[in-house]
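The values are calculated or read from the model by the stated rules, or taken from the named source; none is laboratory data. Predicted, not measured: the structure shown is a model, and the values here were computed from it. Please note: Cβ atoms are built from the backbone with ideal geometry, for glycine as well, and neighbour counts cover all protein chains shown. To get the accessible areas, we keep the full protein, side chains included, count just its heavy atoms, and leave off ligands, DNA and RNA. Shrake-Rupley method; radii C 1.70, N 1.55, O 1.52, S 1.80 Å.
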Amino acid sequence: LTLLALLVTAEALLRAYQVPPGLVPTPTRVVATLHGVRDVLLQDAYQTVLKEALVGYLIGCSLGVLTAFLVSRYLFLERGFLPYATLFSSIPIVALAPVLVKMVGIDWPSKAAICAITVYFPVVVNTFRGLTEVSPMSLDLMRSYAASEVQQYRWLRLPNALPFIFNALKLGTTLAMIGAIVGEFFGA
């Protein structure tokens with residue numbers, strides 16, 4: 001109701017003071033223009049959201065979770081890969097986008113790659129943290145029951161990591177959209 005009241009008030013004030021439409025358009029004019037170009041907007045949304053952001057998000061998240069499982073399982077990967085993953089996660093998207101657009105091309109796969117890379121590193125770090133921050137007593141209990149490594153992951157580490165994984169997935173949705181928009185900016 002507040003938004004509707006604000007829109008009606010803005011419409012009334014803009015018409016009463018005869019503000020030129022080129023300076024500040026009325027809300028009805030904005031809605032009419034959006035309705036007139038809806039086909040173009042829907043095509044652009046399909047390209048940006050579904051082809052670039054969603055594909056990049058799915059690739060980045062799946063590879064990130066898989067990598068986190070491997071890194072949490074093997075100590076040499078934790079020591080060799082995780083510091084670099086943390087370092088690469090701090091690279092700004094704006095610095096990465098022109099390089100990927102030049103390498104992969106100007107079409108949507110380059111923007112999906114930007115999205116995948118921006119999502120990948122936070123997912124790896126968060127999932128790894130969830131898989132390794134397990135209570136030592138719980139691990140000892142699993143070992144005392146002669147649980148295999150797969151059983152420890154299935155019954156202890158994965159349930160413990162779920163809040164971290166979902167937090168990474170939530171963070172990844174925002175990063176994927178930002179990556180798609182930045183990629184569109186450099187691809188234009």
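Can you tell me which of (1) out of contact with any Leu (no Cβ under 8 Å at 6 or more places or on another chain); (2) in contact (Cβ under 8 Å) with a residue 24 or more places away in the chain; (3) of a type outside the set (F, W, Y); (4) open to solvent by less than 60 Å² (accessible area, probe 1.4 Å) is the one A68 doesn't meet?
Of everything listed in (1) out of contact with any Leu (no Cβ under 8 Å at 6 or more places or on another chain); (2) in contact (Cβ under 8 Å) with a residue 24 or more places away in the chain; (3) of a type outside the set (F, W, Y); (4) open to solvent by less than 60 Å² (accessible area, probe 1.4 Å), A68 misses just condition (1).
Is it the case that V71 is assigned to a helix (DSSP H, G or I), more than 20 Å from the chain's Cα centre (by Cα) and of a type outside the set (F, W, Y)? Talk me through it step by step, then tell me what you get.
On the way: assigned to a helix (DSSP H, G or I): yes; more than 20 Å from the chain's Cα centre (by Cα): yes; of a type outside the set (F, W, Y): yes.
Taking the combined requirement at face value, the residue satisfies it.
If I go through the range 123-148 residue by residue, how many of them are surrounded by fewer than 22 Cβ atoms within 10 Å (Cβ to Cβ) and in a helix (DSSP H, G or I)? Before the answer, list the steps.
Step one: list which residues in the range 123-148 are surrounded by fewer than 22 Cβ atoms within 10 Å (Cβ to Cβ), which gives 125, 129, 132-148.
Going one step further and asking which of them are in a helix (DSSP H, G or I), we end up with 125, 129, 132, 136-144.
Count: 12.
Please state which one of T48, T9 is touching a residue at least 40 places away in the same chain (Cβ under 8 Å) and not hydrophobic (A, V, I, L, M, F, W, C).
Details: T9 fails: touching a residue at least 40 places away in the same chain (Cβ under 8 Å).
Within the list T48, T9, the selection yields T48.
Only one of (1) open to solvent by less than 40 Å² (accessible area, probe 1.4 Å); (2) in contact with a Phe, Trp or Tyr (Cβ under 8 Å, 6 or more places away or on another chain) fails for F88. Which number is that?
Among (1) open to solvent by less than 40 Å² (accessible area, probe 1.4 Å); (2) in contact with a Phe, Trp or Tyr (Cβ under 8 Å, 6 or more places away or on another chain), F88 violates only (1).
Here are some conditions: (1) in contact with a helix residue (DSSP H, G or I) (Cβ under 9 Å, 6 or more places away or on another chain); (2) open to solvent by 70 Å² or more (accessible area, probe 1.4 Å); (3) closer than 30 Å to V49 by Cα. Q151 meets all but one. Which one does it not meet?
For Q151, the failing item is (3).
In the range 165-188, which residues are of a type in the set (G, A, S) and either part of a helix (DSSP H, G or I) or modelled with pLDDT of 95 or more (or both)? Write out each step before concluding.
Applying the first criterion (of a type in the set (G, A, S)) to the range 165-188 yields 168, 172, 176, 179-180, 183, 187-188.
Within the range 165-188, A168, G172, A176, G179, A180, G183, G187 meet the criteria.
Scan the range 178-188 for residues that are among the aliphatic types (A, V, I, L, M) and open to solvent by less than 70 Å² (accessible area, probe 1.4 Å) and report the count.
First pass over the range 178-188, keeping only residues among the aliphatic types (A, V, I, L, M): 178, 180-182, 188.
Pick out the ones that are also open to solvent by less than 70 Å² (accessible area, probe 1.4 Å) and you get 180, 182.
Residues flagged as among the aliphatic types (A, V, I, L, M) and open to solvent by less than 70 Å² (accessible area, probe 1.4 Å) within the range 178-188 amount to 2.
Across the range 97-115, what is the number of residues that are open to solvent by less than 40 Å² (accessible area, probe 1.4 Å), part of a helix (DSSP H, G or I) and not charged (D, E, K, R)? Steps first, please.
Step one: of the range 97-115, the residues open to solvent by less than 40 Å² (accessible area, probe 1.4 Å) are 97, 100-101, 105, 110-115.
With the extra rule that they be part of a helix (DSSP H, G or I), the set shrinks to 97, 100-101, 110-115.
Next, from what is left, pick out any that are not charged (D, E, K, R): 97, 100-101, 110, 112-115.
Count: 8.
Out of everything in the range 131-160 that is touching a residue at least 40 places away in the same chain (Cβ under 8 Å) and of a type outside the set (V, I, T), what residue ends up being nearest to L100 (Cα to Cα)?
Step one: of the range 131-160, the residues touching a residue at least 40 places away in the same chain (Cβ under 8 Å) are 131-132, 149, 153, 157.
From what's left, of a type outside the set (V, I, T): 131, 149, 153, 157.
Working: L131: 31, E149: 38, Y153: 35, R157: 35 Å.
Here the answer is L131.
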